[in-house]
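Below: the structure, in structure tokens.
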Amino acid sequence: MADLKGSEKFVAESLKLYFEKKGCLCDYQDGGDPPDIYLSIDSKIKSVEITNIDENRLNDRRTLNMAYLTFLKNLDKEFHSKLSSKKSILIFFFHHYKKVSNINKEFKEYFKQILNRNLISSTIEDNLKGVNFKIIIFDTPENKQQSIIGAVTTYGGRKQSRNLNDVVNRIYDCNLDIKISNIILDVISDKNKKCKNLNQPVYLALYDDFSNKFFDFNDDEHIKHYKEAMKTINDFKIFEKIFIIFDTQEVLEFNKE
């Protein structure tokens, strides 16, 4: 048995259970990456690549958000001594998929000018190189741990003109079917490169770490969304089958046309 961990082990066990329920003899072992596992179905060996369906694959959102949060922590380290003990600052960044490195130096210069003023409780909203931000100056709470704190999100802040890419990203963020299909297409493209030299057949198993944020699995809405999304995908590349595995251990199977 493979020594797998986390979602990979969950996916492997879910596939094993899925094929056993269909009356097959099924087992798996470590594939050495790639593939993640070799799945034995009635003594026939299938290479299976496993990965997560995660919205952060699109636009690298998690990496962007973490970079801004790190920037906020560094601002507190660098500037907290220059801030009156009676005041604290809350900063919201609305990055619109712009890297924090684009505004690092400019924002620090901007921030220094604010700190050089006689600070009073106020709210400042502005934009640097397409990154909206809001700075809120307020009276320091008694349990203060940091002088400068903040948060980050994709959209928001001051109104500004939007180009076509901004509009398309907003539409995709609102339409779950489109978003899911784009994530799966990105995965297929990425894993096709990784697995192109493997012996056929090769399966792609995707652990759903997306619809579990929107659905409670008490009905079949999550299944409907994936079926609709998969209708738009007609090129599986090297993959003979694609499986979607949910937290409930439900498995959806899609075959290459």
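A few points about this structure:
- Scanning segment 24-43 turns up one or more residues that are under 27 Å from Ile244 (Cα atoms), part of a strand (DSSP E or B), assigned by TED's automatic domain parsing to the domain that holds Val187 and touching a Gly at 6+ places or on another chain (Cβ under 7 Å).
- Selection count, segment 93-120, where residues are surrounded by 12 or more Cβ atoms within 10 Å (Cβ to Cβ) and more than 20 Å from the chain's Cα centre (by Cα): 12
- Per-region count, segment 121-140, residues surrounded by 14 or more Cβ atoms within 10 Å (Cβ to Cβ) and assigned to a loop (DSSP other than H, G, I, E, B): 2
- Within segment 95-119, the residues that satisfy the criterion of being at pLDDT below 90 and assigned to a loop (DSSP other than H, G, I, E, B) are His95, His96, Tyr97, Lys98, Lys99, Asn116, Arg117, Asn118, Leu119.
- One residue alone among Asn218, Asn212, Asn182 is farther than 24 Å from Asp235 by Cβ, assigned by TED's automatic domain parsing to the domain that holds Ile45, at pLDDT below 90 and assigned to a helix (DSSP H, G or I), and that residue is Asn212.
- Matching residues, segment 195-209, being surrounded by 14 or more Cβ atoms within 10 Å (Cβ to Cβ), at pLDDT 90 or above and not small (Gly, Ala, Ser): Cys195, Leu198, Pro201, Val202, Tyr203, Leu204, Leu206, Tyr207, Asp208
- Residue within segment 35-55 that is surrounded by fewer than 16 Cβ atoms within 10 Å (Cβ to Cβ), modelled with pLDDT under 85 and out of contact with any His (no Cβ under 8 Å at 6 or more places or on another chain) present: no
- Filter result (in contact (Cβ under 8 Å) with a residue 60 or more places away in the chain and basic (Lys, Arg)) within segment 31-56: Lys46
- Looking across segment 235-252 at every residue that is free of Cβ contacts under 8 Å to residues at least 40 places away in the same chain and within 17 Å of Ile183 (Cα to Cα), the one that is nearest to the chain's Cα centre (by Cα) is identified as Phe246.
The values are calculated or read from the model by the stated rules, or taken from the named source; none is laboratory data. Being a predicted model, the structure only gives us computed values, none of them experimental. Don't worry about glycine lacking a Cβ; one is built from the backbone with ideal geometry, like all the others, and counts go over all protein chains shown.
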